[in-house]
């Protein structure tokens, strides 16, 4: 808000804000200041999702009837980011449906090109709680936990032995010095605490049923307990369907039986990061927001969907989506 008032264009990491009212305030101020506010909904810039959108909206599979979309977080990613990590507490940060899955709510809406109308959500924190702490576990993995060797969430195994998920650690340039620095993190920060004895409250499984205009229905699931990552998508149309896993998809035409395959090796965001930055620089250098697909005007609906999903999950009722 301060940057907009000073006359800056703004590129925002998602989520826009943990508050629905603040999201709307930023949108209103961007219009008042006539400045570009873009959101890092990078999946819109990934060739995979761009191709899906092109096929869906060209009528290649007829009229879209329904869609299934899965976000497999990966069990270690969940433990790192949403049990031990920066986003483990929804009250201090933002609900996981926004922190992790506003990408997915946004890409569903964008690929379909339809307005969301209603949402019903269920989900809870089932596994990463003190009642599931194994016998012999300790408050920290370094405190003599007797089952550390067999625990898939062992901080010693993840960070010290495998040396993975270290991007939140401030490490020396000399890799030979990693050991003692990582040890200190495990003994002094949340990254060394037992996943069953944290003050986390983020759901580890979350399912939304969403009604879009033209009676299109979408089933979206965010799942922590997977051995893999990379979104999975199934789109069902009156004349064909598409099945994909973010690096490839197969489209089947019901009329001819022909199967068309598309494949591209990309990074975790489907190559969208680089395209977003390129388009952002072009947009602000020419003061032309139309060069971006993820301006706040376009991106705010997915956030409103996320806030509505949380209301639904907590109330047990379907919630109307009012953008």
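Points worth noting:
- Scanning segment 227-251 for residues that are in a strand (DSSP E or B) and farther than 18 Å from residue 110 by Cα turns up 240, 248, 250, 251.
- Here residue 55 does not qualify as in the same structural domain as residue 208 (by TED's automatic domain parsing) and over 26 Å from residue 115 (Cβ atoms).
- Residues in segment 136-178 that are in a helix (DSSP H, G or I), surrounded by 14 or more Cβ atoms within 10 Å (Cβ to Cβ) and out of contact with any helix residue (DSSP H, G or I) (no Cβ under 8 Å at 6 or more places or on another chain): 178 only.
- Checking each residue in segment 138-183 for being over 17 Å from residue 75 (Cβ atoms) and in contact (Cβ under 8 Å) with a residue 60 or more places away in the chain picks out only 168.
- Taken together, the criteria exclude residue 44 from residues that are surrounded by fewer than 20 Cβ atoms within 10 Å (Cβ to Cβ) and touching a residue at least 12 places away in the same chain (Cβ under 8 Å).
- Single residue of 290, 259 found to be in the same structural domain as residue 60 (by TED's automatic domain parsing) and modelled with pLDDT of 95 or more: 259
- Members of segment 1-23 found to be free of Cβ contacts under 8 Å to residues at least 60 places away in the same chain, in a helix (DSSP H, G or I) and under 13 Å from residue 304 (Cα atoms), listed by number: 21, 22
The values are calculated or read from the model by the stated rules, or taken from the named source; none is laboratory data. In this text, all values refer to a predicted model and were calculated from it rather than measured experimentally. Please note: Cβ atoms are built from the backbone with ideal geometry, for glycine as well, and neighbour counts cover all protein chains shown.
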